Amino acid sequence: QVKWKGKDLFDLVCRTLGLRETWFFGLQYTIKDTVAWLKMDKKVLDHDVPTEEPVTFHFLAKFYPENAEEELVQEITQHLFFLQVKKQILDEKIYCPPEASVLLASYAVQAKYGDYDPNVHKRGFLAQEELLPKRVINLYQMTPEMWEERITAWYAEHRGRARDEAEMEYLKIAQDLEMYGVNYFAIRNKKGTELLLGVDALGLHIYDPDNRLTPKISFPWNEIRNISYSDKEFTIKPLDKKIDVFKFNSSKLRVNKLILQLCIGNHDLFMRRRKADSLEVQQMKAQAREEKARKQMERQRLAREKQMREEAERTRDELERRLMQLKEEATMANEALMRSEETADLLAEKAQITEEEAKLLAQKAAEAEQEMQRIKATAIRTEEEKRLMEQKVLEAEMLALKMAEESERRAKEADQLKQDLQEARESERRAKQKLLEITSKSSYTQSMNSSTTALPTELPSFNLISESLSFDFKDTDMKRLSMEIEKEKVEYMEKSKHLQEQLNELKTEIEALKLKERETALDILHNENASRGNSKHNTIKKVS
């Protein structure tokens, strides 16, 4: 409405978002290439806003926390900071080294897609995503597929993290970047030397214009006694009166007002962090802990149900596999039975043929014996006839002997074939018995399989049980939860060493693909700081 003040519009936006941690945020607009923030106690249309309609304001974080995990209570607050910091890194307003960019991208993917599933998240699923600063992509001779492979490798390790947890991990890494949360302004000192003033949650920092990573001098908020400006001259008075007053000039009055706003706001939050939480903040933190505990229990319940469902599916698959195995065994037994029957039929036929041959030989032997008797009975008067007769008798005896031996051999072979036939019929009987056993097992397995397959449909009954539970978060629960949070912090510190090792490993891996001629000034400065072992916080301590 026309009469609305800045606070009315700001409160409407916060209510729409469901945001209670309003002290971090503001409504930003641009006038004459200069950023300005809407004042809460001044009418919206009384500001020096652009004349064109509609008037555009950007709802952004104006002040940043020192420690995101401790200070950002609401999930919506964490999400808004995640979106803003992610955009600043991709737009290269915050310098981020290549290896850290890949790690942050993996947390951003976890926040958007949930747990990694190789069946769903196949090669190329990140092709349309903007995950890395263009500076990082141009610095290496690597294809999009190679970047995706490295991001996915880390993404797979974040399994089990919910969206809010992944976003918080992103912020915990980003808050250690040198340019995180710093507002830069061009200034001149008393000698006219061009410098940069940086204002953030920790204090005021003075930089060389060509080096936004490493401050020359820092004034922590707890060491500043007073900040004032007259016209275009700013004065910083340290708490220690032995230290010289630092004065600098800014080119525009509007910029001076913005610097003073940021100084006052950051200093107020700095002092507020070091006092006991207000009743409102205590209430929000208690609600956040309860909500976190509730979500944790819900996640555990879902994880248990998922595990039971997976076990049921594994059991079902095992039974199906066993059923298929039994079917294959039954098929093989059937085939063996058919082969046994065929063998038995062949042996029976061969035994019959051999028996007939033996009978025929016995008949011939009897005929030979009769012929021999007839020859002996015939009277031969002459010696020649007698000699010939003796010779024929001898030959007949030899032939009868051979026929007797052959008949005996054929009889033995017939006996052996009868024995083989009995053994084949015994094998056939055993095969039929085994087939009956397999058939009975198959019917039992099928009944088991049908009952097991029905198991997943009964699983939702756990929902009914869990839904009937009510959670009463008492003081003891809160203490226990606090102890768990402290334990998580210790574990995080232990993991940080492993994380640093992973970052160094990735840096070494892609170093060979780097194009040195494309390194920016910030890349070179960051590498120098890293080689000296300098980090954001110990650098500020050194130059304070």
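The values are calculated or read from the model by the stated rules, or taken from the named source; none is laboratory data. A quick note: this is a predicted structure, and the numbers were derived from the prediction, not measured. All Cβ positions, glycine included, derive from the backbone under ideal geometry; neighbour counts span all protein chains shown. To get the accessible areas, we keep the full protein, side chains included, count just its heavy atoms, and leave off ligands, DNA and RNA. Shrake-Rupley method; radii C 1.70, N 1.55, O 1.52, S 1.80 Å.
Determine if the range 165-177 includes at least one residue that is outside any loop (DSSP other than H, G, I, E, B), assigned by the TED database to the domain that holds residue 64 and more than 22 Å from residue 201 (Cα to Cα). Scanning the range 165-177 turns up at least one residue that is outside any loop (DSSP other than H, G, I, E, B), assigned by the TED database to the domain that holds residue 64 and more than 22 Å from residue 201 (Cα to Cα). Residue pairs whose Cβ atoms lie under 6 Å apart, sitting 6 or more positions apart in sequence or on different chains, and linking a residue in the range 116-142 that is touching a residue at least 60 places away in the same chain (Cβ under 8 Å) and open to solvent by less than 40 Å² (accessible area, probe 1.4 Å) to a partner that is assigned to a loop (DSSP other than H, G, I, E, B) and among the hydrophobic types (A, V, I, L, M, F, W, C), are 140/513; 142/513.
Residues in the range 313-335 that are open to solvent by less than 80 Å² (accessible area, probe 1.4 Å) and within 27 Å of residue 429 (Cβ to Cβ): 323, 325, 326, 329, 330, 331, 333, 334.
Remark: pairs (first residue in the range 29-49, among the polar types (S, T, N, Q); second residue at pLDDT below 85 and loosely packed, with under 12 Cβ neighbours inside 10 Å; Cβ separation under 9 Å; 6+ apart in sequence or on different chains) are absent. A count restricted to the range 192-223 and to residues that are closer than 12 Å to residue 540 by Cβ, open to solvent by 30 Å² or more (accessible area, probe 1.4 Å) and assigned to a helix (DSSP H, G or I) stands at 1. Mind checking whether some residue in the range 268-279 is among the small types (Gly, Ala, Ser) and not in a loop (DSSP other than H, G, I, E, B)? No, every residue in the range 268-279 fails to be among the small types (Gly, Ala, Ser) and not in a loop (DSSP other than H, G, I, E, B). Going by the conditions given, is residue 64 part of a strand (DSSP E or B) and open to solvent by less than 20 Å² (accessible area, probe 1.4 Å)? So residue 64 fails the test. Within the range 49-69, the set of residues being acidic (Asp, Glu) and out of contact with any Phe, Trp or Tyr (no Cβ under 9 Å at 6 or more places or on another chain) comprises 52, 53. Scanning the range 346-371 for residues that are surrounded by 15 or more Cβ atoms within 10 Å (Cβ to Cβ) and within 14 Å of residue 418 (Cβ to Cβ) gives 347, 348, 350, 351, 354, 355, 358.
For every residue, the table says whether it meets (1) in contact with a helix residue (DSSP H, G or I) (Cβ under 8 Å, 6 or more places away or on another chain); (2) open to solvent by 90 Å² or more (accessible area, probe 1.4 Å); (3) in contact (Cβ under 8 Å) with a residue 24 or more places away in the chain.
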{"position": "270", "(1), (2), (3)": "yes, no, yes"}
{"position": "277", "(1), (2), (3)": "yes, no, no"}
{"position": "280", "(1), (2), (3)": "no, no, yes"}
{"position": "289", "(1), (2), (3)": "yes, no, yes"}
{"position": "295", "(1), (2), (3)": "no, no, yes"}
{"position": "298", "(1), (2), (3)": "no, no, no"}
{"position": "307", "(1), (2), (3)": "no, yes, no"}
{"position": "311", "(1), (2), (3)": "no, no, no"}
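Listed by first and then second residue, the pairs with beta-carbon distance under 7 Å, at least 6 apart or on different chains, first residue in the range 150-162 and assigned to a helix (DSSP H, G or I), second open to solvent by less than 40 Å² (accessible area, probe 1.4 Å) and among the β-branched types (Val, Ile, Thr), are 150/102; 151/102; 151/109; 154/102; 155/109.
Residue pairs whose Cβ atoms lie under 9 Å apart, sitting 6 or more positions apart in sequence or on different chains, and linking a residue in the range 238-257 that is exposed (fewer than 11 other Cβ atoms within 10 Å of the Cβ) to a partner that is among the basic types (Lys, Arg) and not in a loop (DSSP other than H, G, I, E, B), are 240/225; 241/225.
Of the residues in the range 9-18, at least one is farther than 26 Å from residue 250 by Cα and in contact with a Phe, Trp or Tyr (Cβ under 6 Å, 6 or more places away or on another chain). Scanning the range 1-33 for residues that are surrounded by 16 or more Cβ atoms within 10 Å (Cβ to Cβ) and assigned to a loop (DSSP other than H, G, I, E, B) returns 19, 20, 21.
The single residue among 85, 109, 102, 136 that is in contact with a Gly (Cβ under 9 Å, 6 or more places away or on another chain) and in a helix (DSSP H, G or I) turns out to be 85.
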